[in-house]
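Input: a single structure, listed below in structure tokens.
Coordinate-derived values only; no laboratory data. Just so it is clear, the structure is predicted and the values come from calculations on it, not from any experiment. We place every Cβ from the backbone using ideal geometry, glycine too, and count neighbours over all the protein chains shown.
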Ligand SMILES: Cc1ncc(C[n+]2csc(CCOP(=O)(O)OP(=O)(O)O)c2C)c(N)n1
Ligand code: SF4
Ligand SMILES: [Mg+2]
């Protein structure tokens, strides 16, 4: 278990160019704090690589490699195979990929790497769209959200599909460790990184990372928005280990989704019936959660 | 404050100075982010109880706790306001940049 006082004062991610209040900044900073100096990082094209590798700046003070958009899984495999062939045992291999780089274009490489059972940590920070290229929808963009490729208007509600469930896709691989997390729940997230570090084989952590720029909320609300999404049940904190799912936080009653949605520009156009549809979908998802994982 | 520091970096002047391939040393910071800031967080240490909520939540890691009281690295604070919003003691106030304060 991570204790605040035992955390290092060293910053392994510093001076980066992420927007003020970026949830992804919390993710990168705390993950590397837990993993420490003996870490190498894979970064596909995404906000994370864009804001940490603006030549000649390199804001991770541990080695990082930027690669093609779909390649995170493949590069993690390569890094872990390279270390193995050199006989290096005490170095952590971690990748930070966006939701697009994970659920869309990178899903094949990730699936292959997990299937091979290579030793790495894959962190998908989920800002629910292609952010660094200007807010295009991804397979993780939630129903009703306006993006530049799913603009809302008289003929469209915005994004038409509900979010893909990467956590369950990873469970279907029978991966040694998978978890969901949220940048607002820092202790929970850091404990999951610590667990992933000690797992032999692949570990996958899907962390919700609110994005003030793409979601449309003031930068000081990043942590608050992250709490709201968990409290209203549109996101949940869980982990999968030894064939079982454990829910880490189950709100007694789920708060109305309306407050969460209306706090963000991307959902401002939604009407009461749209909000009702989102709430119904949430309820059906929670029914499955209770049915499958909480009995 | 033991936060990473800005290093003096000599930009390549000719092709000979360019690194081999698109690579650079890890941990190279050549400029501050202070110019992004519109609002500036000011910590009132007499109200702070060192719960470290702001320290852990800062996306840029600019809050320093090493002296036993909190200090902000204004070279890299972007003024997002998370620290001020999240502080349970209301010990951090956001003030507009560009004026003089004592
Ligand atoms: C094959 C390919 N197509 C498109 C791009 C352009 N591109 C770079 S990053 C990106 C979106 C990244 O989205 P996501 O993975 O969600 O990360 P985020 O920017 O949101 O952090 C795109 C489309 C690319 N680099 N390579
Ligand atoms: S666009 Fe969003 S995810 Fe990307 S750096 Fe800005 S706040 Fe962070
Ligand atoms: Mg994204």
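Worth pointing out:
- Projecting label points 7 angstrom from Cα along Cα→Cβ for residue A:133 and residue A:255 puts them 3.4 nm apart.
- Where both bridge residues fall in the protein assembly as shown, DSSP classifies roughly 45% of the beta bridges as antiparallel.
- Linear extension gain, residue A:68 paired with residue A:276, 0.36 nm per residue minus alpha-carbon span: 70.9 nm
- FRET efficiency for the pair residue A:287 and residue B:11, taken as 1/(1 + (r/R0)^6) with r the Cβ-Cβ distance and R0 = 41 Å, rounds to 0.10.
- Degrees, to the nearest 10: A:186-198 long Cα axis against longest axis of chain A: 40 degrees
- The ranking of A:247, A:1, B:39, A:131 by Cβ neighbour count inside 10 Å, starting from the fewest, reads A:1, A:247, B:39, A:131.
- Taking A:237, A:86, A:13 as the candidate residues, the one with maximal mean-square fluctuation in a Gaussian network model of chain A, Cα springs under 10 Å, is A:86.
- Look at A:183, A:64 and count the other Cβ atoms within 10 Å of each Cβ; fewest to most, that gives A:64, A:183.
- Taking Cα atoms only, the orientation of helix A:107-116 departs from the longest principal axis of chain A by about 50 degrees.
- Dividing the summed -39500 (n - 2.57) terms of all DSSP H runs of n ≥ 4 by the residue count of the protein assembly as shown sets its mean residue ellipticity at 222 nm at -8500 deg cm²/dmol.
- By other beta-carbon atoms within 10 Å, ranking A:161, A:16 with the fewest at the front produces A:161, A:16.
- Taking 0.36 nm per residue of separation and subtracting the Cα-Cα distance, full extension of the segment from residue A:200 to residue A:241 would add 13.5 nm.
- Test item: A:51-59 mean partner chain Cβ contacts at 10 Å: 5
- Selected from A:121, A:94, A:169 as most flexible by GNM, with chain A as the system and alpha-carbon contacts under 10 Å: A:169
- Full extension of the segment from residue B:48 to residue B:18, taken as 0.36 nm per residue of separation minus the current Cα-Cα distance, would add 6.0 nm.
- Inter-chain Cβ neighbour average for residues A:218-226, partner chain, 10 Å: 5
- Using the alpha-carbon positions of the protein assembly as shown, Rg (one decimal) and Dmax (whole number) come out as 20.9, 67 Å.
- Highest-fluctuation residue, B:61, B:27, B:79 considered, GNM on chain B with Cα pairs under 10 Å: B:27
- Shielding of peptide B:7-15 by partners, expressed as the average count of other chain Cβ atoms within 10 Å per residue Cβ, is 1.
- Spin-label model distance (nm) - residue A:262 vs residue A:38, 7 Å beyond Cα toward Cβ: 5.3 nm
- When each of the peptides A:100-110, A:279-289, A:170-180 is scored by how many other beta carbons lie within 10 Å of its residues on average, the order from highest to lowest is A:100-110, A:170-180, A:279-289.
- Computed from Cα atoms, the angle from the helix A:222-231 axis to the main principal axis of chain A rounds to 70 degrees.
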